[in-house]
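Structure record follows, encoded as structure tokens.
Laboratory data are not the source of any read-out in this text; all were calculated from the coordinates shown. Remember, it's a predicted structure, so these values are computed and weren't measured experimentally. Because the Cβ atoms are built from the backbone with ideal geometry, glycine has one as well, and the counts that use them run over all protein chains shown.
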Amino acid sequence: MNESNIQISSIVVKSVLPEQVDILYNIINDPDNLHHQTINDVSKLYLKKCLETQQDNHGFGYIDGDVRHHFIYKKKQVIGWVSLTTKSALSRRYELGYTTTKKHRGKGYTYKALRHFIATLFGVDNINRLEAIPYADNKKSINLLVRLGFKHEGLLRKHNYHDGEYVDCYMFSMLKEDLEETIASDDDIKMSWNK
Ligand SMILES: CC(C)(COP(=O)(O)OP(=O)(O)OC[C@H]1O[C@@H](n2cnc3c(N)ncnc32)[C@H](O)[C@@H]1OP(=O)(O)O)[C@@H](O)C(=O)NCCC(=O)NCCS
């Protein structure tokens, strides 16, 4: 797996290193992030274990439920986080998660980072299906997924338990053929795909 260091002009996506656990912990536990997604275990101990495993196997999480963590950098500053969870290793089905620090939103950085991250995943690693499951009221995230070329598949009623209530989510997915459609018009992405 070669997505551990993806460079797009000044935006870079890199695997999180075990010694960066504090930064990861702070980004994930930011109340604004937790307001938009449900994460099962956000303890530092759990994150540390994830980062150690991720370093050991270099590639994907081979076990269902494995989570791999990445940072989005602008120049040398961490401005966001991208997670990749193995939903089914057998079916090569993964789930994407992401957040960008408030100060760096609305500038297209997340879009750029995710475009390249996704192109590399499909190009290098033979993923079959990539899912994203935003809360139904998370317009910013939904807009981003649509722009990235994800397909809306439907409403997942009361899918997540969050802040004392069940919330609806949407299922979005991307298959390799969806990405091929999207990259056809994007030279920048073609470069990443062909690497
Ligand atoms: C969802 C989230 C990641 C979006 O990140 P972002 O950095 O604002 O995304 P982008 O900057 O790429 O795009 C956001 C907007 O900026 C606009 N934009 C501004 N300048 C741009 C540029 N140069 N290039 C592309 N888009 C640009 C986009 O058109 C887009 O507008 P829209 O939302 O009306 O479609 C961010 O809001 C976030 O972190 N939210 C909290 C956590 C979260 O919800 N995570 C997702 C859980 S499913």
Full-stretch length increase - Lys44, Glu180 - with 0.36 nm per residue and alpha-carbon distance subtracted
45.2 nm
Cα convex hull volume per residue for the range 20-152 (Å³)
116
Once you put a point 7 Å from the Cα of His36 and another 7 Å from the Cα of Ile63, both along the Cβ direction, what distance in nm separates them?
3.1
Run the numbers for His104 and Tyr25: contour at 0.36 nm per residue of separation, minus the present Cα-Cα distance, in nm.
26.6 nm
Which entries of Lys103/Lys176; Lys44/Lys151; Lys75/Lys139 show an alpha-carbon separation above 30 angstrom in the structure shown?
Lys103/Lys176; Lys44/Lys151
Take peptides 79-92, 160-173 and line them up by average Cβ neighbours within 10 Å, highest first, as a rough protection proxy.
79-92, 160-173
What is the extension gain from Tyr166 to Asp125, computed as 0.36 nm multiplied by their sequence separation minus the C-alpha to C-alpha distance, in nm to one decimal?
11.3 nm
Residue-averaged 222 nm ellipticity for the chain, from DSSP H runs of 4+ at -39500 (n - 2.57), nearest 500:
-10500 deg cm²/dmol
From phi via Karplus (6.51, -1.76, 1.60), per-residue ³J(HN,Hα) for the range 69-86 in Hz, x at Gly/Pro:
10, 9, 9, 9, 10, 10, 6, 9, 9, 6, 10, x, 9, 10, 10, 10, 9, 7
